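The values are calculated or read from the model by the stated rules, or taken from the named source; none is laboratory data. In this text, all values refer to a predicted model and were calculated from it rather than measured experimentally. Ideal geometry is used to build each Cβ from the backbone, glycine not excepted, and the neighbour counts take in all protein chains shown.
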Amino acid sequence: MTPSRVVCVDDEPAFAELTATQLERHGDVTATGFTDPDDALPALDDADCVVSDYDMPGMTGLAFLEAVRDAHPDLPFVLFTGKGSEAVASEAISKGVTEYLQKSTDASQYEVLANRVLNAIDRYHAERQLDRERTLVDRIVEMTPVAIVVHDQDGDVEVANRRARDLLRMPTESLHVRTYGSSDWTLHSEAGDSLGADELPVARVIASGEEVRAERYVIEVADERQEIVLNAEPLVGADGTVERVVVVFATGEEIDTYAD
């Protein structure tokens, strides 16, 4: 496994090099020291974490933090400074610092710093992996050929994939003002009869917490009706309440395959 890469910035060359050396000693990282924040910025494209001093000429650690956040919003940034104060710490937190650690004469400070850096890198990698997985899931949902709609616990639409938006003639910008009971479409029984509000599948799932499987309905959109087969699945929170309802439905030639 490739070691994580850390950029260390301190206007004192000896401290920049010492910090880099100590981080490599205490963790599975490769660390490079810089004395000028401007010189360090290009190296951040391949970095997993930044460790920076605060009191530097030309660009303070907080100004450097702002520059890093502009280019790399989520990159871990540890402010490792000999000038500590509540005001500096508070401003650093407001600007998005990951960790704040004051320099000391204690020999263990670099072990503490390494632990902070390694923990920040682990969280960073985990969040990036989660983001990649979410992107993949979002892409699969968007491109799947059956209609998918996600409702919140009040029935409001949170997500509708491309197929659902096409079938329901629902522009993306209107998603969050649509509910299962107040939309430009209406749901009828398989025989075409009107359904009461409490008979609608989303309402039933929210009320009971029980799934709906392969139920047949007629959906009407802009005075056009077509048969659909529908599944609705509750997503339940830790307290046992329904937080979301995932609805999947198919129409026309898709029905027989989907209903099996």
Let me spell it out: the conditions are (1) among the charged types (D, E, K, R); (2) touching a residue at least 60 places away in the same chain (Cβ under 8 Å); (3) surrounded by fewer than 12 Cβ atoms within 10 Å (Cβ to Cβ), and residue 224 meets all of them except one. Which number is the exception? (2)
(1) touching a strand residue (DSSP E or B) at 6+ places or on another chain (Cβ under 7 Å); (2) crowded, with 19+ Cβ neighbours inside 10 Å all hold for residue 24 apart from (2)
Please go through region 71-90 and give me each residue that is over 13 Å from residue 37 (Cβ atoms) and either in contact with a Gly (Cβ under 6 Å, 6 or more places away or on another chain) or not aliphatic (A, V, I, L, M) (or both), ordered by number. 72, 73, 74, 76, 80, 81, 82, 83, 84, 85, 86, 90
Go through (1) assigned to a helix (DSSP H, G or I); (2) surrounded by fewer than 17 Cβ atoms within 10 Å (Cβ to Cβ); (3) at pLDDT 95 or above for residue 5 and report which single condition fails. (1)
Within region 91-116, restricting attention to residues that are of a type in the set (Gly, Ala, Ser) and more than 13 Å from residue 66 (Cβ to Cβ), which residue is surrounded by the fewest Cβ atoms within 10 Å (Cβ to Cβ)? 107
With a cut-off of at least 1 residues that are in the same structural domain as residue 23 (by TED's automatic domain parsing), at pLDDT 95 or above and polar (S, T, N, Q), name the strands (runs of 3 or more DSSP E) lying wholly within region 35-109. 49-52
(1) modelled with pLDDT under 90; (2) of a type outside the set (Ser, Thr, Tyr); (3) under 26 Å from the mean Cα position of the chain (by Cα): which one isn't true of residue 160, the others all being true? (1)
Testing residue 128 on (1) charged (D, E, K, R); (2) outside any helix (DSSP H, G or I); (3) within 30 Å of residue 79 (Cα to Cα), one condition comes back false. Which one is that? (2)
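Among 102, 109, which is under 14 Å from residue 51 (Cα atoms) and in contact (Cβ under 8 Å) with a residue 12 or more places away in the chain?
On the way: 109 fails: in contact (Cβ under 8 Å) with a residue 12 or more places away in the chain.
The match here is 102.
Based on this model, can you work out whether residue 160 counts as free of Cβ contacts under 8 Å to residues at least 60 places away in the same chain, on the phi < 0 side of the Ramachandran plot and surrounded by fewer than 20 Cβ atoms within 10 Å (Cβ to Cβ)?
no
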